[in-house]
Each structure stands twice: as C-alpha cells, then as structure tokens.
Amino acid sequence: MQMDIQVPKGLNPALTALGWLVGRWEGTGNGTDHDGGDFTFEQRIEFNHNGGEYLYYVSQTFLLEDGETGRPLGMETGFWRPKSDASLEVVLSNSEGWTEILVGKIQVTRIDLMTDAVVRAESAEVTHSSGQRLYGKVENDLMYALDRSTDVHELRPHMWARLTRV
C-alpha cells in the first residue's frame with residue numbers, strides 16, 4: 001500500500017514528519033459534553049509553518065443546530081514541536097480557560113498524544129484535568145478523537161471528527 005505524503009515547499013526539515021498536516025481542514029464531528037449531553041459540531045483547523053521548528057495550529061468549533069452553524073463552542077491555538085526521535089510536544093491554549101501540554105509519538109500518518117500538564121484559569125468553567133488525542137490521515141482526510149477527564153468524571157470520549165483538506 002502506498003501512502004500519499006507530500007512535504008510542503010519551504011517546510012523546515014525538522015517538520016517533515018508533520019508535513020502531511022499542513023493546510024486547512026474542515027468538517028463535522030460529534031461530541032459528548034462534560035455533563036454527558038451529545039452534540040454535533042462544525043470544525044475548522046489550520047496547521048501552518050513559518051520556517052521555525054514547529055507548526056502553529058488554530059482550531060475553531062461551532063455548534064451545529066438543525067444543520068446550521070450556530071454559536072462558537074471553542075477555540076484553541078498552539079504549537080506542535082516534533083523531535084528527531086519521532087516524539088512530539090504540543091502546547092495548546094484553549095478559549096475555555098486552560099493551557100495543556102501534550103506529549104506523544106508520530107507514526108507516519110498517525111499521532112498519539114497524552115496530557116503531560118494542564119494549567120487552568122480561575123474562571124475556567126470546566127475543570128479539565130487530563131486528556132488523550134489520536135490524529136490520523138485516513139483516505140486523505142484528517143480524523144481525530146479527543147478524550148478528556150475533569151475533576152467530575154474519568155477519562156472518556158469528548159469529541160471526534162473527520163475533516164477534509166480545503
């Protein structure tokens with residue numbers, strides 16, 4: 001089986017393992033909120049580079065109500081920093097009031113991440129305390145699953161989506 005992996009022009013060689021992520025991705029997904037309620041969302045993600053040894057990342061999600069884009073659910077931004085041993089550090093700040101550091105492994109077009117640390121603002125409504133994420137390229141789409149735990153519940157599925165490059 002042949003993998004379609006392209007490295008964008010001008011990408012810092014230290015980022016080659018993450019080159020397949022670079023670009024804009026959009027699509028829909030499903031989730032379970034921290035109270036156990038189900039929801040559907042629209043998501044827009046962008047991974048980009050500026051010559052440094054990191055990708056910068058922005059993700060926005062919007063509630064889908066009756067097939068229409070509704071209110072913003074959240075936004076996060078951060079930096080994806082690969083290491084020469086295929087390990088990865090990700091630093092994310094979330095509009096809901098926390099910053100999270102995740103560590104993991106790059107396996108060609110699959111990335112597994114686990115929380116290393118979370119810092120929450122006093123005003124954070126959800127007491128997010130840990131998580132794990134799985135990203136992968138499947139049939140040229142970006143698929144991911146995000147699990148979270150809080151002070152109220154153990155680690156459980158929170159959001160999952162399939163996004164198409166635009």
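Things worth noting here:
- Qualifying residue in region 142-156 (condition: open to solvent by 40 Å² or more (accessible area, probe 1.4 Å), acidic (Asp, Glu) and within 25 Å of GLY37 (Cα to Cα)): yes
- Among the candidates ASP151, ASP66, the residue that is over 15 Å from the mean Cα position of the chain (by Cα) and under 19 Å from GLY27 (Cα atoms) is uniquely ASP66.
- Candidates are the residues of region 96-127 that are polar (S, T, N, Q) and open to solvent by 80 Å² or more (accessible area, probe 1.4 Å); the one that is modelled with the lowest pLDDT is SER123.
- Qualifying residue in region 17-34 (condition: outside any helix (DSSP H, G or I), in contact with a Leu (Cβ under 6 Å, 6 or more places away or on another chain), surrounded by fewer than 17 Cβ atoms within 10 Å (Cβ to Cβ) and among the polar types (S, T, N, Q)): no
- Failed item, numbered, when MET159 is tested on (1) within 21 Å of GLU42 (Cα to Cα); (2) open to solvent by 40 Å² or more (accessible area, probe 1.4 Å): (2)
- Residue within region 70-80 that is on the phi < 0 side of the Ramachandran plot, in a strand (DSSP E or B) and without any contact (Cβ under 8 Å) to a residue 12 or more places away in the chain present: yes
- Note on region 117-131: among residues that are part of a strand (DSSP E or B) and in contact (Cβ under 8 Å) with a residue 24 or more places away in the chain, the one that is nearest to ASP35 (Cα to Cα) is HIS128.
- Sole exception among (1) at pLDDT 95 or above; (2) in a strand (DSSP E or B); (3) closer than 23 Å to TRP160 by Cβ for TYR56, by number: (3)
- Between ALA117, ALA121, the distinction of being among the aliphatic types (A, V, I, L, M) and over 14 Å from ARG148 (Cα atoms) belongs to ALA121 only.
- Selection within region 46-92 - open to solvent by 50 Å² or more (accessible area, probe 1.4 Å) and among the small types (Gly, Ala, Ser): GLY67, SER84
The values are calculated or read from the model by the stated rules, or taken from the named source; none is laboratory data. Note that the structure is predicted; figures quoted are calculated from it, not measured. Neighbour counts are summed over all protein chains in view; Cβ atoms, including those assigned to glycine, are modelled from backbone coordinates with ideal geometry. Remember, those area values only see protein heavy atoms, side chains included, never the ligands or the DNA or RNA. Shrake-Rupley method; radii C 1.70, N 1.55, O 1.52, S 1.80 Å.
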